[in-house]
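The block underneath contains the structure these notes are about, expressed in structure tokens.
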Amino acid sequence: VLACSVLAMSLAGCGAPGPPPSGAARAKAAAPAPEPAAAPAVNAGAFDFETRLGVAGRDASGRLCLAVPDSTLKAGALVTLISIAAPQTSVGARIVARRARPWEMGNMALEGASYEIEALTEPEEGLSIAVLGALAGGHVAAGVFRADLDGDGVDESFRECASGEGVHLTVWSGTARKAVRRWHRYIYLGYDLEANCTEEEVGNP
């Protein structure tokens, strides 16, 4: 009889509800899960000027070409072309295919991988600075195109100057005397030009 009573008490204890939780325990149970940390902005400190920028223009046969360090771009990938000639403009473009042979100007291959591209609207004549991806928030003021490429709140501007037998393309953060050069490419053209570059545009940063 005693053994049965102990077993009955044990079973009753397993199935019976315990004492109500304290106020602190109830509050802990009711507290919502913590909010996840906000993700950083896509371009905040993540934009690589050396790999995301390149040069676009037409080859000797009139095809629109792109030279850029990234050799992994697929057909259909978006590119933004920023025309350097005043007034500056920007147009969207898409990768068509990787070129079988490098894009050459002045009998010299341009730096990086070469692609054939197609513009969504006809770009201006001459060379363009190409930005991989779609570019939002760009604007033109006094004929100059500006855009915050790296999301740091400071607009970048785009320049071209002549030096000897080629042109220097550059991208700058900020304006006037406080501008900092962020990117530079020299394009050899193979004929004489009237030089108009400054030391800051052609020298080491």
Quiz item: Roughly what would the spin-label model give for GLU199 and ALA86, points 7 Å off Cα along C-beta, in nm?
Solution: 2.5
Quiz item: Each residue of region 70-84 in order: what ³J(HN,Hα) in whole Hz does its phi give by Karplus 6.51 cos²θ - 1.76 cosθ + 1.60, θ = phi - 60°, with x for Gly and Pro?
Solution: 6, 9, 10, 5, 9, 4, x, 4, 7, 9, 10, 9, 10, 6, 8
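How much length is gained on full extension from THR72 to ALA60, taking 0.36 nm per residue of separation minus their Cα-Cα distance? Don't skip to the answer; put the middle values down first.
Values: separation 12, 0.36 × 12 = 4.32 nm, distance 2.47 nm.
Here the answer is 1.9 nm.
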Exercise. Using θ = phi - 60° and the Karplus relation 6.51 cos²θ - 1.76 cosθ + 1.60, list the HN-Hα couplings for region 167-174 in order, rounded to whole Hz, with x at every Gly or Pro.
Key: 10, 10, 9, 9, 10, 10, 9, x
Quiz item: Exactly which GluC sites (Glu not before Pro) in region 144-205 are in a DSSP loop and have at most 11 other Cβ atoms within 10 Å?
Solution: GLU194
Exercise. Name the residues whose placed amide hydrogens come within less than 5 Å of the amide hydrogen of CYS197, ignoring near sequence neighbours (fewer than 5 apart) on the same chain.
Key: ALA162
Self-check item: Solvent-accessible ranking of ASP48, ASP150, largest area first, probe 1.4 Å
Solution: ASP48, ASP150
Exercise. Net charge near GLY138: determine it from the other residues with C-beta under 12 Å of the C-beta of GLY138, scoring Lys and Arg +1 and Asp and Glu -1.
Key: -2
Self-check item: Three-way shape label, region 37-191, alpha-carbon gyration tensor, a/c 1.5
Solution: oblate
Exercise. Show the residues, 5+ positions off or on another chain, whose built amide H is closer than 5 Å to the amide H of ARG182.
Key: VAL171, TRP172, SER173
Practice problem: Determine how large the accessible area of ILE82 is when every protein chain is in place; take a 1.4 Å probe and give Å² rounded to the nearest 10. | Solution: 0
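The values are calculated or read from the model by the stated rules, or taken from the named source; none is laboratory data. Here the structure is a predicted model, which is why all the values come from computation and not from measurement. We place every Cβ from the backbone using ideal geometry, glycine too, and count neighbours over all the protein chains shown. Side chains are part of the model used for accessible areas, which takes the heavy atoms of the whole protein and leaves out ligands, DNA and RNA. Shrake-Rupley method; radii C 1.70, N 1.55, O 1.52, S 1.80 Å.
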